[in-house]
Amino acid sequence: MYGNGSGDSLEKSKQNAINDLASSIKLKVSSNTNILNSQDNQKQDSKILQDIKVSIETIELQNIILTHTEYKNKVYYSQIKISKDLLVRGLKNQYQNLYEQLKDFNPKFCKSISIKDKNILENLLEQANSTAQSIQALDFSSKVASLKAYENMLTQNSPLPKAKLVFSPQSDPDAVKMLSSEYAKFIQNTDEKDVQTIYNKIAINTDQKEQKIKASLEVNINDCNNQTIFYIQVHSIENNKEDALRRLKIQLYKKLKEYKENNQEGIPNIS
């Protein structure tokens, strides 16, 4: 695969040749992928081609060979080339790295994914799929490891991830109803086995001295090994139970939203 460039210096002509090569690669991938997906609708094709271009742009063009240079009429000209096999090899390495990250999810052991990990799984699959499309477009005979198990896992946890909601015995019915409606914005509540569990401990008391209602909530989000992966503790003090529970609900929403958008490693302890 070749690229040609010109410029007022040798370095500029080389860089323009590299840019031309990159454009040629993108054009080839787009063209081949268009053929591979000719039966898909126009909207799907557009998304696939866009993903493939992004995938190609993330590959550093290495092992480029300068095949020709020329200086004519005060203009430098350069021609470069790169082995398609080397380019495909780089894409395969990128795909393998993504696939290794996907192994952190274990569909055979756990049917659900956490609120936070759903976004991670979606992003990994998007990158892996676009890279696989790039590989196959450049080399029809290339095979890559199947993403089917992980795609099925994501499908089963869409539009929201599955989890089992558990409330402590004798929890206030109004609190359970109100908090369950808040959880419904983040999870699909299920009684299936091999899913993550969200344990809730609710306490509602009256402060006799101040004549206030105190409400508190402790949440343990446990993985399929029943190990806590996230902990939340919130509380409220209001004039009546309804306001106290409403305040508790708002705080729970904020904490779950923080957890969903948090990409830090480890087990956060939010209170």
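Tally time: how many residues in the range 187-211 are open to solvent by less than 40 Å² (accessible area, probe 1.4 Å) and outside any loop (DSSP other than H, G, I, E, B)? Full working, then the answer.
Within the range 187-211, the subset open to solvent by less than 40 Å² (accessible area, probe 1.4 Å) is 187, 190, 195-198, 200, 202-203, 207.
Checking the rest, the ones that are also outside any loop (DSSP other than H, G, I, E, B) come to 197-198, 200, 202-203, 207.
Qualifying residue count, the range 187-211: 6.
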Within the range 80-89, the residues that are within 24 Å of N16 (Cβ to Cβ) and surrounded by fewer than 18 Cβ atoms within 10 Å (Cβ to Cβ) are K81, S83, K84, L86
Is it true that some residue in the range 225-236 is polar (S, T, N, Q), out of contact with any His (no Cβ under 6 Å at 6 or more places or on another chain), open to solvent by less than 70 Å² (accessible area, probe 1.4 Å) and over 19 Å from K116 (Cα atoms)?
-> yes
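Okay, residues lined up against (1) within 26 Å of L102 (Cα to Cα); (2) touching a helix residue (DSSP H, G or I) at 6+ places or on another chain (Cβ under 7 Å); (3) of a type in the set (A, V, I, L, M):
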{"site": "A137", "(1), (2), (3)": "yes, yes, yes"}
{"site": "S142", "(1), (2), (3)": "yes, yes, no"}
{"site": "L147", "(1), (2), (3)": "yes, yes, yes"}
{"site": "F167", "(1), (2), (3)": "no, yes, no"}
{"site": "M178", "(1), (2), (3)": "no, yes, yes"}
{"site": "N205", "(1), (2), (3)": "no, no, no"}
{"site": "Q211", "(1), (2), (3)": "no, no, no"}
{"site": "F230", "(1), (2), (3)": "yes, yes, no"}
{"site": "S236", "(1), (2), (3)": "no, yes, no"}
For the range 127-148, what are the residues that are more than 24 Å from the chain's Cα centre (by Cα) and either of a type in the set (F, W, Y) or at pLDDT 90 or above (or both)?
-> F140
Selected residue [open to solvent by less than 40 Å² (accessible area, probe 1.4 Å) and in a loop (DSSP other than H, G, I, E, B)] from I113, I135 | I113
Residue count for the range 249-271, restricted to those that are in contact with a helix residue (DSSP H, G or I) (Cβ under 7 Å, 6 or more places away or on another chain) and at pLDDT 75 or above | 7
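Please work out if D172 is open to solvent by 30 Å² or more (accessible area, probe 1.4 Å) and over 25 Å from S114 (Cβ atoms).
Details: open to solvent by 30 Å² or more (accessible area, probe 1.4 Å): yes; over 25 Å from S114 (Cβ atoms): yes.
So D172 fits the description; yes.
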Kindly establish whether K164 is modelled with pLDDT of 95 or more, within 24 Å of K249 (Cα to Cα) and out of contact with any strand residue (DSSP E or B) (no Cβ under 9 Å at 6 or more places or on another chain).
-> no
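Restricting attention to the range 244-257, report how many residues are more than 16 Å from A203 (Cβ to Cβ) and out of contact with any strand residue (DSSP E or B) (no Cβ under 7 Å at 6 or more places or on another chain).
Keep residues of the range 244-257 that are more than 16 Å from A203 (Cβ to Cβ), which gives 246, 250, 253-257.
Now restrict to residues that are out of contact with any strand residue (DSSP E or B) (no Cβ under 7 Å at 6 or more places or on another chain): 246, 250, 253-254, 256-257.
Total satisfying the criteria: 6.
Could you say which residue among N106, N93, N34 is open to solvent by 30 Å² or more (accessible area, probe 1.4 Å), assigned to a helix (DSSP H, G or I), at pLDDT 65 or above and out of contact with any Pro (no Cβ under 8 Å at 6 or more places or on another chain)?
Values: N106 fails: assigned to a helix (DSSP H, G or I); N34 fails: at pLDDT 65 or above.
Only one candidate passes the filter, namely N93.
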Exception for I250 within (1) free of Cβ contacts under 8 Å to residues at least 12 places away in the same chain; (2) surrounded by 16 or more Cβ atoms within 10 Å (Cβ to Cβ); (3) aliphatic (A, V, I, L, M) falls at (2)
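Out of Y76, Y71, which single residue is at pLDDT 85 or above, closer than 30 Å to G7 by Cβ and in contact with a Lys or Arg (Cβ under 8 Å, 6 or more places away or on another chain)? I'd like the intermediate steps shown before the answer.
Numbers: Y71 fails: in contact with a Lys or Arg (Cβ under 8 Å, 6 or more places away or on another chain).
After ruling out the rest, the residue left standing is Y76.
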With respect to P161, is the statement that it is within 30 Å of A203 (Cβ to Cβ) and open to solvent by 50 Å² or more (accessible area, probe 1.4 Å) true?
-> no
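Based on what the data block shows, is N152 under 30 Å from R89 (Cβ atoms), touching a residue at least 40 places away in the same chain (Cβ under 8 Å) and surrounded by 15 or more Cβ atoms within 10 Å (Cβ to Cβ)? Write out each step before concluding.
Numbers: under 30 Å from R89 (Cβ atoms): yes; touching a residue at least 40 places away in the same chain (Cβ under 8 Å): yes; surrounded by 15 or more Cβ atoms within 10 Å (Cβ to Cβ): no.
Judged against the criteria, N152 is not a match.
The values are calculated or read from the model by the stated rules, or taken from the named source; none is laboratory data. Model, not experiment: these values are computed from the prediction. When we count neighbours, we look across all protein chains shown, and the Cβ atoms used for this are built from the backbone with ideal geometry, even at glycine. Surface areas here come from the heavy atoms of the whole protein model, side chains and all, with no ligands, DNA or RNA. Shrake-Rupley method; radii C 1.70, N 1.55, O 1.52, S 1.80 Å.
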